[in-house]
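Reading through the structure tokens given below for one structure.
The values are calculated or read from the model by the stated rules, or taken from the named source; none is laboratory data. Predicted, not measured: the structure shown is a model, and the values here were computed from it. Methodologically, a virtual Cβ is constructed for each residue, glycine included, from the backbone with ideal geometry; neighbour enumeration extends over all protein chains shown.
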């Protein structure tokens, strides 16, 4: 009976100790991810604190994509600007961030996003389904 009483008395202490595990505050020098969604990341008018910027450019002509294509790595927290030129009207959409921009034939369009969500995200044309690039944030 004494073991049962001892176990019952120690159980709350074990739960408190286990509940504190992994709650160390993050290092202030490390970037933190914001997962509040696309509206904040795409509508942000101010640059990230470290002012890191990444500029990419893609061109679509005759259904062929050239420029910064494939998987493009960017650092978490970078301000990414993607210039897109297409020979047909379409709409470019960056999945995960839900950022879109309309494309007019021959006129470069810019897509701006703060890379605050880590992961891999496709930038594609809605009408044709053509993948322009894959943004790897992390």
Would you be able to tell me the number of residues in the range 95-114 that are in contact with a strand residue (DSSP E or B) (Cβ under 6 Å, 6 or more places away or on another chain), closer than 16 Å to residue 60 by Cα and assigned to a strand (DSSP E or B)? 6
Quick check, is residue 67 over 18 Å from residue 135 (Cβ atoms) and at pLDDT 50 or above? no
Please verify whether the range 60-80 includes one or more residues that are without any contact (Cβ under 8 Å) to a residue 12 or more places away in the chain, surrounded by fewer than 16 Cβ atoms within 10 Å (Cβ to Cβ) and in a loop (DSSP other than H, G, I, E, B). no
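For the range 120-138, which positions are assigned to a loop (DSSP other than H, G, I, E, B) and touching a strand residue (DSSP E or B) at 6+ places or on another chain (Cβ under 9 Å)?
Looking only at the range 120-138, we keep the residues that are assigned to a loop (DSSP other than H, G, I, E, B), and these are 126-130, 138.
Selection gives 126, 127, 128, 130, 138.
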Given (1) surrounded by 15 or more Cβ atoms within 10 Å (Cβ to Cβ); (2) in contact (Cβ under 8 Å) with a residue 40 or more places away in the chain; (3) outside any loop (DSSP other than H, G, I, E, B), number of the condition residue 117 does not satisfy: (3)
